[in-house]
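The values are calculated or read from the model by the stated rules, or taken from the named source; none is laboratory data. Please read all numbers here as calculations on a predicted model, not as lab measurements. Note that we place each Cβ from the backbone using ideal geometry, even for glycine, and neighbour counts take in every protein chain shown.
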Amino acid sequence: MEFSGRGETQKIKHLVIPYIQDLCHGLDIGFGGDSIFPSAITLDTPIKKRIYFGKVGNWPQHLQGFADNLYWFKDGVLDYIYSSHCLEDFENPIPVINEWLRVIHPKGLLILYLPDEKAYKEICNKTGQPYNLSHKNHDMSLKWMINFFTEKYQGVKIIFSRDITDEDKYGFLIIVEKQ
C-alpha cells in the first residue's frame, strides 16, 4: 500500500521500526489509515463513528472497535502494541494501559506516540489550528508518562523515550517493555 499523506506515525516511524521489524504479532491502535508496519493488525473506531480530519493513508482497517476493550485477544498473545495519538483521549489512561499490557506477552513492547499537551496547545494558539476537543488528559507529556511508568506502575521497563517537539511537532515517543 502506498502512503497518501503525512500522518503522525510518519514523523516517528524511523525510530519505531528497529524495535518491531523482527516481531510478528503486533497491533496498531487508532491507526487512522497509516499503519506503523505492514504486518500489524490495524484497529480504529467504527468507521461510522470516526471523525475525519482528512485521509492520511491507504492501509486497510482490520478491526473496528474501541481502544479500551481488546476482546479479540487473549492474554499475552501480542509482541507489541503501537498507538499514536489515542491515549490522550481517555480521561483515565490507567485502565486502557492495563488492557493493552494484558494482551502483550512478557518482553513484549508498548509503543506510544502521544502529544505533549502544553506544546500542542501552544502550536494551536500560534497557528490558529483548532484544538482537538477529544483530548481528555491535559497533563499528557513525556515527563508525565515517565513518572507514571517509573513511580506508579509496576511490571514495565522504559527502554526508549524521546521528546519530538519543535515548531511543527508536539509529541513524544515512549517504548516500554512488559516484564
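Among residues that are surrounded by fewer than 13 Cβ atoms within 10 Å (Cβ to Cβ) and out of contact with any Asp or Glu (no Cβ under 8 Å at 6 or more places or on another chain), residue 93 is not included.
Between a first residue in the range 84-96 that is under 14 Å from residue 117 (Cβ atoms) and a second residue that is of a type in the set (S, T, N, Q), which pairs have beta carbons less than 7 Å apart while being 6 or more apart in sequence or on different chains? As it stands, the answer is 88/137; 89/134; 90/137; 91/137; 93/137, since those pairs meet every condition given. If you go through the range 103-133 and pick out every residue that is more than 12 Å from residue 87 (Cβ to Cβ), at pLDDT below 95 and within 15 Å of the chain's Cα centre (by Cα), you end up with 1. You will find that of 70, 23, the residue that is in a loop (DSSP other than H, G, I, E, B), buried (at least 18 other Cβ atoms within 10 Å of the Cβ) and at pLDDT 95 or above is 70 and no other. When 101, 112, 78, 87 are checked against the criterion of being surrounded by 18 or more Cβ atoms within 10 Å (Cβ to Cβ) and either among the small types (Gly, Ala, Ser) or touching a His at 6+ places or on another chain (Cβ under 9 Å) (or both), a single residue qualifies: 78.
Looking only at the range 134-154, residues that are of a type in the set (Gly, Ala, Ser) and modelled with pLDDT of 90 or more come to 1 in all.
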